[in-house]
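Note sheet for the following structure.
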Amino acid sequence: GAAPPERNRYLVHFAQAHEDFRLAELRSLAKLENVDLVMEEHRYDRDRPFLTVQLASDADAIKLVRRSILVKAIYALWEESRSYEALLDQIRRKPERNAPYMTCSFKFVVETFNNSRALDYKVAIINRFAFMAFTGPIDLKSPDVTLGVLEDYDYKSDVPRYLYFGIQLGFGNRPAIDKFSLKKRTYLGTTSMDPQLSLIMGNLGLVRPGTLVYDPFVGTGSFLVTMAHFGAVTIGSDIDGRQIRGTGKGNARRGAKPGSASVWSNVEQYGLQDRVVDCLVYDMAHHPLRAGELFDAIITDPPYGVRAGAKKIGADLKRAEWVKRPDGSIAPAAAAATTEPHAAEQAPRQLVSAKHPHGRYPQTVPYDLDAVMADLTDFAGRYLRVGGRIAYWLPTVKAEYADEDIPTHPALTLVANCEQPFGQWSRRLVTLEKTRTWVEGMHSSGSGQLSAKLERAGPGA
Amino acid sequence: MVRLLTHNMLQCHVKNCTNGFPLRFQDPVIEQHEQEINKEFLVNMLPRIDWNALRTTVDQLGLPELPAAVPENPAEDEAFLAALHRALMEVNIQSGSMVCPECEHVYPIRDGIPNMLLSEDEV
């Protein structure tokens, strides 16, 4: 057979957040950036923020992480060891590797996990590398090369259990989290998505320039803005037109004028008018899109419960039992109602038609969670292009969840299932890729147990 | 701000209406917003655009005519891409309505947001 491709080893340094999403994000980025990635998964411990990987080049390493929300930095891995004596000895044995860096400007950084070390300790560590005898100037602001020492401690230990040493090559895109901070957003709703998770969804969904992204439960338009940030053109829809138009309650902290805040306020705030093209009012269960592989990605947070508007057009209006809080956690409707009034959200939507020229309100019925998920999966199976992805959130009760609860579809393949826990509840970010052309007769299938499990767990769970 | 990109994907969805595409604009208030051309996006979208529907709509709105057929090498055809960009992305329908060519169902547009909701007896 052919010889395996030449690869170098690199160290990925993750942020301490959303551990279950790390490898899925990295795998998606490798695909998105067309980078040949081998993860040394057998050495990875999800409780620690370090992952060793093999890549063809430094350039690939930089590309791999530049969009990452969960990666802090990536290093060309020179040496790793259980002790400083061994580590320093390994470095001493390969002096030729230092040659390119002998006279350029440089700095050292010491990163620690599970033990926040003071500056004097870090300086003492850096001094142990003095034997490398770099003669260039130290430049703490923009050095030509940054050498990194990464220490991994066991909890409450003062002796590192493992050490890494290498050259810092590139960084993830954690500053984007701050850019899209909800505190800075002009228009907010009860279901606005945490920007960190929203951006991770863009990576899992392979959202990039030139693509068309759709959110069928658009709410206040969080995803339209973050996906447009990745260069995509975005379209959203929602059964609740008042969420799109705005309730008039802007983010006062941002100086929004009463009545001025809407999805479009956020779009203008980020200067994304060219890419967030439309928001439409309709019901996912009865949508007006013509047949075709129209979208490259579907990025969405489906509704469930009263607050988020889990309703569809139909006769009779009943209340659903569960609501989703702004942070994404799930609570009984009664409990949530005591903390935040939601009467305004139950006001019906206005409908004007030839039949009712003066306007009337269509009746709605609760939209059962299993039906929402089945419809959404069927929609993705039909409307994504082959190679396109859907990333959506699924609420679950931890003790009751089974993989079979996630609806499957003959045209879609599961690529990631990442859990964000909330005590006894959790929500799962499910990512599916369309791997076959849709043909008549293809339908989603699932356990149909999602609603029953949430209800069975009950408010006392 | 209904763009023709979006309009090109919408059809009438009243129960038993089978020929409701493309929707016809009625009393449209048209705005043109210049924006930067996104060639990568246009080339990516082109196979998904219903060309005849787009030409019909452009004609109904009294906008500059589009070529009868998509050129063989659209990615290399600057003039074509510029015309496509103007039609798909720069035309914004601010208000008016979209009417089904078959069943005459009216979908109103207010503040640039189309209301495609049906009543419970129409779904």
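Checked against (1) in contact with a strand residue (DSSP E or B) (Cβ under 7 Å, 6 or more places away or on another chain); (2) more than 9 Å from chain A (Cβ to nearest Cβ), B:D77 meets all criteria but (1). Going through the stretch A:91-120 one residue at a time, which ones are open to solvent by less than 50 Å² (accessible area, probe 1.4 Å) and not basic (K, R)? Those that are open to solvent by less than 50 Å² (accessible area, probe 1.4 Å) and not basic (K, R): A:I91, A:N98, A:C104, A:S105, A:F106, A:F108, A:V109, A:V110, A:T112, A:F113, A:N115.
Taken over the stretch B:88-104, the criterion of being in contact with a strand residue (DSSP E or B) (Cβ under 7 Å, 6 or more places away or on another chain), farther than 11 Å from B:I30 by Cβ and not β-branched (V, I, T) is satisfied by B:L88, B:M89, B:S97, B:M98, B:P101.
Going through (1) on the phi < 0 side of the Ramachandran plot; (2) modelled with pLDDT of 90 or more; (3) within 13 Å of chain B (Cβ to nearest Cβ); (4) part of a loop (DSSP other than H, G, I, E, B) one by one, A:F217 falls short only on (3).
Of the residues making up the stretch B:30-47, those that are without any contact (Cβ under 8 Å) to a residue 12 or more places away in the chain and not aromatic (F, W, Y) number 4.
Per-residue answers, yes or no, for (1) of a type in the set (A, V, I, L, M); (2) assigned to a strand (DSSP E or B); (3) modelled with pLDDT of 95 or more:
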| position | (1), (2), (3) |
| --- | --- |
| A:V53 | yes, yes, yes |
| A:I62 | yes, no, yes |
| A:K72 | no, yes, yes |
| A:Y75 | no, yes, yes |
| A:E79 | no, yes, yes |
| A:I91 | yes, no, yes |
| A:T103 | no, no, yes |
| A:V110 | yes, yes, yes |
| A:I126 | yes, no, yes |
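When A:R66 is tested against (1) within 24 Å of A:T431 (Cβ to Cβ); (2) open to solvent by less than 20 Å² (accessible area, probe 1.4 Å); (3) out of contact with any Leu (no Cβ under 8 Å at 6 or more places or on another chain), only condition (2) is not met.
I'd like to check something: does the stretch A:124-141 contain any residue that is of a type in the set (V, I, T) and within 22 Å of A:E85 (Cβ to Cβ)? Scanning the stretch A:124-141 turns up at least one residue that is of a type in the set (V, I, T) and within 22 Å of A:E85 (Cβ to Cβ).
Among the criteria (1) within 9 Å of chain A (Cβ to nearest Cβ); (2) touching a Pro at 6+ places or on another chain (Cβ under 6 Å), the one B:R24 does not fulfil is (1). Of the listed requirements (1) crowded, with 22+ Cβ neighbours inside 10 Å; (2) assigned to a loop (DSSP other than H, G, I, E, B); (3) more than 7 Å from chain A (Cβ to nearest Cβ), B:Y107 misses just one: (2).
The values are calculated or read from the model by the stated rules, or taken from the named source; none is laboratory data. Source: prediction; values computed, not measured. Note: ideal-geometry Cβ built from the backbone for every residue, glycine included; neighbour counts use all protein chains shown. Heavy atoms of the whole protein, side chains included, go into the accessibility calculation; ligands, DNA and RNA do not. Shrake-Rupley method; radii C 1.70, N 1.55, O 1.52, S 1.80 Å.
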